[in-house]
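The values are calculated or read from the model by the stated rules, or taken from the named source; none is laboratory data. Keep in mind that this is a model prediction, so the values were computed, not measured. Every residue, glycine among them, receives a Cβ derived from its backbone with ideal geometry; neighbour counts consider all protein chains shown. All accessible areas refer to the heavy atoms of the entire protein, side chains included, with ligands and DNA or RNA removed. Shrake-Rupley method; radii C 1.70, N 1.55, O 1.52, S 1.80 Å.
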Amino acid sequence: MTHSVRIPLVFAALVLGDPAPSSAVDLWARGARLEAIDAARKEVEQDPRPETWNRLVTWQLAVHRHRGALADAERCGAPCNAERAEALYRLGEYERAVPLLAERDPLACLWKIDALEALGRFAESDAVLDRARARVALDAQFLGAEGRRAARNGDFAAAERAFRAALDVDAFDGEARFGLGRALVGLGRKEEGLAALAEHRRLLPLLDGVEFARQSLDLGPVHAPNWTALGDAERALPRLDRAEAAYRRAAELGRPEELTANALRWSRLLLEDRGDVQAAVDLLVRTARETPDARLLVRAGDVLLAAQRPGEAVARFTEALALRPKDAEIAKRLAAARAGASR
Amino acid sequence: MRHAHRLDASGVLLAITAAGAIAACSREVPAPRGESEHATTATLPRLGFEDVTLASGIDFVHDAGVTSAKQLPETMGGGIAVFDADEDGDQDIYFVQSGPLPISGGAPDRFVYQKGLKRPTNRLFLNDGRAHFTDGTASAGDAAFSRYGMGVAVGDANGDGHEDLYLSVLGDDALLQGDGRARFRDVTATSGISQPGWSTGAAFFDADDDGDLDLFVTSYVVIDLAEPPWCGERKDGWRSYCHPDRFPGAEDGYWQNRGDGTFEDHTQAAGFADPNGKGLCVVASDLDGDGRVDLYVANDSTENRLYKNLGGGRFEDATLVSGTGVDRYGRTEASMGVASGDVDGDLDLDLFVTGFDDESDTLYANQGDFVFEDRTVQAGLELATRIPVGFGCVLEDLDQDGRLDLAIANGHIIDNIALYHDGKTHAQRALAFRGTDDGRFADVTLELAASVTKEPYVGRGLLAADLDGDHRPELVLTQCNGSPRIFANRGGNHGLVIAGTPHGTRVELVGADGKIIGVREAIPTPSYLGQGPREPRFGLATGVLARALRVRVGTGAWQEIRFATPLQEGRVRLTREADGRFALAR
């Protein structure tokens, strides 16, 4: 089971929309997940529609209540087959999971390939992979599976092609980077292979950092600092779009005292990685409006000063000083900004 | 249930311990063993164990010093060594105790043991040769060690012919000098070794081929007991042990023997460099067959490391080219225990590593030239090892049919894991696999459901050793914060044990047709935080006979030693002549 196929479910569960307002949904949205599951169970008892069953089962899966999810999915019947398949897969009951894993769902299809491989049913896993590749042309994970299969069969040239294609899709795909290095070594191109493996080694702690952040999110998906940590980890790779999405989510979820740290990090991305001074300043100022914190305004002032915009910096430092009137450091920076503005 | 209750036949087998003639040395490398040497399915000896813990007299209970603070060391311990402490020819057992945690020394990785606080000690149990043990701790001197223990390594550090012990602990490790009479003296202060912090696995081995034993010690993570982070949900009862990613890694240590049992830190000079590694276990094994013992370090959640021995006490990080740093997905593994052995009969040594849940344990098949391939799936080991958290592991011919089998001790590190995953448990059943042809394994966990795999345990260490003298390996399983279990081997054939082999000797067994039918090393197996017996042991399928041994110490010449009559089982003792050549003891 690859890490990358584990996490999306959490996010999917988070955004699982239900048009009908319900206390269960409210609880879930607030992060009271076990309580939400209890409420969802009551809803099922009162209104056993497929939607309510589905929500109950999906939520249980999201909090690793795999046995509970399986039992409820079986009670739910066909409408919950996908969830039943996932529960069986998570529980390692692959023989039972395989017939239920739907190949049209990319994630379930990857699980099916993985389960069949684990069962040693390689011909079947190969067939599933072939069908999937016919449907899904450019997906790093399917390409990775193809490379892994080729390497397993000793066809290192095909493995190289597949892993390179996967890297074209996602340059930070750890499996593809590692697989490419191994394939090249297998082809006798040791120096090239070692270079790829060295790059994989460089990326490993960064990828592990992302994985660790995702695990924290798995435990606390509405805890804003977990999203900020994911943003940091993604930025370190760097996968900037994903990092920014994580910071944005943290900003949506964060309590006032959590927003500053997130905005400071996010603004660094905007400034240092995107080179977008205005976006960084706008973010800091906007956040300061929501949660008055002198650090945000000081940082905005610093950014503006460094960008040779001392007049605007004066305004930001002035606002910061208003929040912390006795802060000598802010006063010093304000003076510097004023001196720059007067020149 | 295929539980067998055959009685001990050691009396018969000992009579087979045979004198033999020394044959001329041969450098010819015979072909790998053929199918003809294997048992057919129809003639497979059956696996069978019996839980003899109660009858063994062993009453050790590991105390992890569990606190509400969920300090990470509380969930990692359970070290064990099986060796002949009193040199009476049988295997004794030394259990590593933990006990109450020390207090923080005011900084990360500093630990203080309060004076005057009575602490539980490590314990040494002496074997009467029939797997009945008496507690020999009181007369074992400093072996009654009482710092918060993790693991133990066994080796004759000072070359006096007696086994010494290296103890890895939370805080300063210790070197205990043995006198061969089950008594030990703490010589750490004069040994030159200073290994503070949190060390875990350790291995004695002759790194520089100079005839003495050097030492490698793995270090885990840097923690500050004064400030344990809160992990898991902030609700009553939900606090959880933290993932090691919450802590920085710690550098392993390599101590080179000066030749007199004192050591110098050669970690950097030797080429070991993994400052961020989170080492739990190390196996010393000559993986490329060049006579130099290489090292493989199992790291928890950081890349494992394979160090190729270049000779002269120098090592090269061969992890990248070997492919053994990560699994086949290119992911780091939460590696815990490790074993080496020739699982596919191609006469080189493969590696097996246990890991965390939702990732399988991993079999790295040796392809030669320091290239390994993750063949976990092909070997049939993927499915059963995915859900449990694997710790100790042994590659051992448990049924003595000529193929290595595999047993794994499992147990989660998180005691309240069931709160977080309703399909997971803290205590977990062990797993057992029977080696079949071509490096594949069949899951025989259910076959041992009356013994080894019957109860779920918080398994940590697992060692195979012949405790009752019948030349069949028993299994000793340790638990974290619990009692060990002893499982007597009641099934299978009886094996051929080669005694008297110096540490690091490579031993090949030559079949009746002149083909090599097995390879072993006289190096204690580490499993997890432990050390098994050093004596090589071979199993032979029914009807298969061995006519000779080939032995080599370090990079020395191979020597073939022919038995007077072909053997299938028993105990062969080698002695070393003045010129360094081996002879069969008479």
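Numbers below:
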| item | result |
| --- | --- |
| In degrees, nearest ten, helix A:240-253 long axis to first principal axis of chain A (Cα) | 70 degrees |
| Between region A:292-343 and region B:304-366, the Cα center-to-center distance that results, in Å | 56 Å |
| Value of D in µm² per second that Stokes-Einstein yields for chain B, Kirkwood Rh from Cα pairs, at 20 °C (1.002 mPa s) | 92 µm²/s |
| Taking chain A and dividing mean pair separation by its residue count, relative contact order in percent (alpha carbons under 8 Å, at least six apart) | 7 percent |
| Overall Cα dimensions of chain A, principal axis frame, Å, largest first | 76, 65, 26 |
| Using θ = phi - 60° and Karplus 6.51 cos²θ - 1.76 cosθ + 1.60, couplings along region A:194-204 (whole Hz; Gly, Pro as x) | 5, 5, 5, 5, 5, 5, 4, 4, 5, 6, 3 |
| Residue-wise HN-Hα coupling along region B:128-145, computed from phi with Karplus coefficients 6.51, -1.76, 1.60 (Hz; x: Gly, Pro) | 8, x, 10, 6, 10, 10, 10, 6, x, 5, 4, 9, 8, x, 6, 5, 7, 7 |
| FRET efficiency estimate (nearest 0.05) - Cβ-Cβ, B:A55 to A:E35, R0 41 angstrom | 0.20 |
| Where N is the number of residues in region A:135-265, Cα Rg divided by 2.2 N^0.38 Å | 1.26 |
| Per-residue average of Cβ from other chains inside 10 Å of B:354-361 | 1 |
| Diffusion coefficient, µm² s⁻¹, Stokes-Einstein with Kirkwood Rh over alpha-carbon pairs of region B:271-323 at 10 °C and 1.306 mPa s | 141 µm²/s |
| Tilt relative to chain A, helix A:106-118 - C-alpha long axis, 0 to 90 degrees, to 10 | 50 degrees |
| Peptide B:322-329, shielding by other chains (average Cβ, 10 Å cutoff) | 6 |
| Between A and B, accessible area buried - total, square angstrom, nearest 100, 1.4 angstrom probe | 3300 Å² |
| Whichever lysines have a C-alpha closer than 25 Å to that of B:K70, once near sequence neighbours (fewer than 8 apart) are set aside | B:K115, B:K118, B:K235, B:K278, B:K424 |
| Phi to ³J(HN,Hα) by Karplus 6.51 cos²θ - 1.76 cosθ + 1.60 over region B:503-511, Hz, x for Gly, Pro | 3, x, 5, 9, 10, 10, 9, 9, x |
| Reachable aspartates and glutamates, given that their alpha-carbon falls under 17 Å from the alpha-carbon of A:K332 and they are not under 8 places away in the same chain | A:D302, A:E312, A:E319 |
| Kirkwood hydrodynamic radius over Cα pairs of region A:185-343, then Stokes diffusion coefficient at 37 °C and 0.692 mPa s, in µm²/s | 189 µm²/s |
| Per residue solvent-accessible surface (Å²) - chain A, probe of 1.4 Å | 44 Å² |
| Computed Rg/Rh of region B:229-319, alpha carbon atoms with Kirkwood Rh | 1.14 |
| Sum of -39500 (n - 2.57) over DSSP H runs of 4+, divided by residues of chain B (222 nm, nearest 500) | -1000 deg cm²/dmol |
| Residues with amide H under 5 Å from that of B:I523, placed H, sequence gap 5 or more | B:G504 |
| Chain A: angle of helix A:294-306 to the longest principal axis, Cα-based, in degrees nearest 10 | 80 degrees |
| Residues with amide H under 5 Å from that of B:A85, placed H, sequence gap 5 or more | B:D92 |
| Across chain A: Cys residues that no other cysteine approaches within a C-beta distance under 4.7 Å | A:C109 |
| Prolate/oblate/rounded label for region B:328-368 (Cα gyration tensor, a/c 1.5) | prolate |
| Averaged over A:209-221, number of beta-carbon atoms from partner chains that fall within 10 Å | 2 |
| Of all accessible heavy-atom area on the protein assembly as shown, the percent that carbon and sulfur account for (1.4 Å) | 52 percent |
| Gap separating the Cα centres of region B:429-486 and region A:178-255, nearest whole Å | 38 Å |
| Radius ratio Rg over Rh of the protein assembly as shown, counting only Cα atoms, Kirkwood formula for Rh | 1.01 |
| Under the Debye formula (equal points on every Cα, no solvent term), log10 I(q)/I(0) of region B:417-558 at q = 0.11, 0.12, 0.17, 0.21 Å⁻¹ | -0.52, -0.61, -1.09, -1.42 |
| Charged-residue dipole, Cβ positions (Lys, Arg, Asp, Glu), the protein assembly as shown about Cα centre, Debye nearest 20 | 2480 debye |
| Largest to smallest principal axis extent of the C-alpha atoms in region B:519-558, angstrom | 37, 30, 11 |
| Within region B:453-560, chymotrypsin sites (Phe, Trp or Tyr not before Pro) in DSSP loop having at most 16 other beta-carbon neighbours inside 10 Å | B:W558 |
| Hull shadow area, averaged, region A:83-130 [alpha-carbon convex hull, nm²] | 2.8 nm² |
| Solvent-accessible area lost in complex, 50 Å² minimum, residues of region A:50-67 relative to chain alone, 1.4 Å | A:H64, A:R65 |
| Relative packing of A:307-319, B:323-335, which averages over residues the other C-beta atoms within 10 Å, highest first | B:323-335, A:307-319 |
| Rounded FRET efficiency, nearest 0.05, which uses the C-beta distance separating A:E45 from B:N276 and R0 of 45 Å | 0.30 |
| Calculated log₁₀ intensity ratio I(q)/I(0) where the Debye formula runs over C-alpha points of region B:179-255, q = 0.16, 0.24 Å⁻¹ | -0.79, -1.19 |
| Convex hull volume of region B:474-586 per residue (C-alpha atoms, cubic angstrom) | 125 Å³ |
